[in-house]
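The values are calculated or read from the model by the stated rules, or taken from the named source; none is laboratory data. This is a predicted model, so every value here is computed, not measured. FYI the Cβ positions are ideal-geometry reconstructions off the backbone, even for glycines, and counts take in every protein chain you see. Accessible surface areas use protein heavy atoms only, side chains included; no ligands, DNA or RNA. Shrake-Rupley method; radii C 1.70, N 1.55, O 1.52, S 1.80 Å.
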Amino acid sequence: MSEQTTVHLLRHGEVHNPGGVLYGRLPGFRLSTAGEGMAERAAAWFAGHDVTHVVSSPLERAQQTARPLAEATGLEVTLDERTIEAGNAFEGMAVAGGAGVFRAPRNWWKLRNPFQPSWGEPYVEIAARMIAAVEAARDAARGHEAVLVSHQLPIWTTRLHLEGRRYLHDPRRRECALASVTSITYDGDRLRGISYAEPAGATDPDAVPGA
C-alpha cells in the first residue's frame, strides 16, 4: 500500500491594515490582534494531527501565523519563497469596496485581461511555484502531514489547478477565509482528495480591507 500524506495550506490571519490598501508583498504588514487569535485557533485545530513539517511564506504575517503551530509541535519553520503572495501592480493602493484603483482611468489598461491576469503575476506561474512547494512539502512529510502557511490567491489558485478548474474567477467567491485550511491528501504521489476547514470561522472579504 502507498503512504498517505496530507499537505495543509493554511492562510494567514487578519492583518492590521487601517488604510485599507492592497498590501501584497509590501513589508510592515503584521497580524492584527484578531489575526493573532486566529493563528492560535488554527494551531489548536491541528492538535491531534500528525504534523511533521511546517513551512511559511517569508512575509511577516505568514510567519506570525505559523509561530503558534511551531511552538505547539516543537518544529522549526522552513521559509519557502514559492509560497509568497502573488505579485500585484496595485500594491499600496486602496481597492476595498470598488474604490481607488478601479475608478481611475489610468489604471484601466492594467485590467484589460482578467484571464492572465494583466494586473499581476500570471495564474499559471502562481500555480507552478505553489505546486512545486506542495510537492516538496509532501516529500518532506511522507506518511505524515505538512502545513504550508501562505496567502489567499496562491492557495486558491493551487486548488483551482488541482481540481482542473479554470483560473478566471470572482475573488469574492474564493473559498479561502482568513486562517482557513485547504487540505490536499495524497496516496504516494497520487492526489486522493481536497478538503476545506475554517478553524477561525468564516470571513467576509468586504469586511477585511486589502484581503
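Tell me, which residue of region 4-49 that is modelled with pLDDT of 95 or more, among the hydroxyl-bearing types (Ser, Thr, Tyr) and not in a helix (DSSP H, G or I) is surrounded by the fewest Cβ atoms within 10 Å (Cβ to Cβ)? Taking the candidates together, the pick is Ser32.
Looking only at region 111-126, decide whether some residue is open to solvent by 20 Å² or more (accessible area, probe 1.4 Å), in contact with a Pro (Cβ under 9 Å, 6 or more places away or on another chain) and of a type in the set (Lys, Arg). Taking every residue of region 111-126 in turn, none turns out to be open to solvent by 20 Å² or more (accessible area, probe 1.4 Å), in contact with a Pro (Cβ under 9 Å, 6 or more places away or on another chain) and of a type in the set (Lys, Arg). The residues in region 177-197 that are crowded, with 19+ Cβ neighbours inside 10 Å, in a loop (DSSP other than H, G, I, E, B) and not hydrophobic (A, V, I, L, M, F, W, C) can be counted, and the count is 1. So, Ala62, is that one in contact with a helix residue (DSSP H, G or I) (Cβ under 6 Å, 6 or more places away or on another chain), within 24 Å of Glu121 (Cα to Cα), touching a residue at least 12 places away in the same chain (Cβ under 8 Å) and of a type in the set (Gly, Ala, Ser) or not? When the stated conditions are applied, Ala62 does not pass them.
On the given criteria, is Pro205 under 15 Å from the mean Cα position of the chain (by Cα), closer than 22 Å to Arg41 by Cα, of a type outside the set (Asp, Glu) and modelled with pLDDT under 95? Yes: the conditions hold for Pro205. Here Arg129 meets the list (1) in a helix (DSSP H, G or I); (2) more than 17 Å from the chain's Cα centre (by Cα) almost entirely, failing just condition (2). Considered as a group, the residues in region 138-176 that are out of contact with any helix residue (DSSP H, G or I) (no Cβ under 9 Å at 6 or more places or on another chain) and part of a helix (DSSP H, G or I) include one that is modelled with the lowest pLDDT, and that residue is Arg173. For Pro68, the criteria (1) in a helix (DSSP H, G or I); (2) farther than 17 Å from His12 by Cα; (3) more than 13 Å from the chain's Cα centre (by Cα); (4) at pLDDT 85 or above hold in every case but one, which is (2). Checking each residue in region 1-29 for being farther than 13 Å from Ala66 by Cα and of a type in the set (Lys, Arg) picks out only Arg25. Of the residues screened, Val134 is not one that is in a strand (DSSP E or B), surrounded by 16 or more Cβ atoms within 10 Å (Cβ to Cβ) and within 19 Å of the chain's Cα centre (by Cα). The residue list Ala140, Ala132, Ala128 contains one member that is among the small types (Gly, Ala, Ser) and touching a residue at least 60 places away in the same chain (Cβ under 8 Å), which is Ala140.
Considering region 50-88, and only residues there that are small (Gly, Ala, Ser) and surrounded by 18 or more Cβ atoms within 10 Å (Cβ to Cβ), the residue that is farthest from Gly28 (Cα to Cα) turns out to be Ala70.
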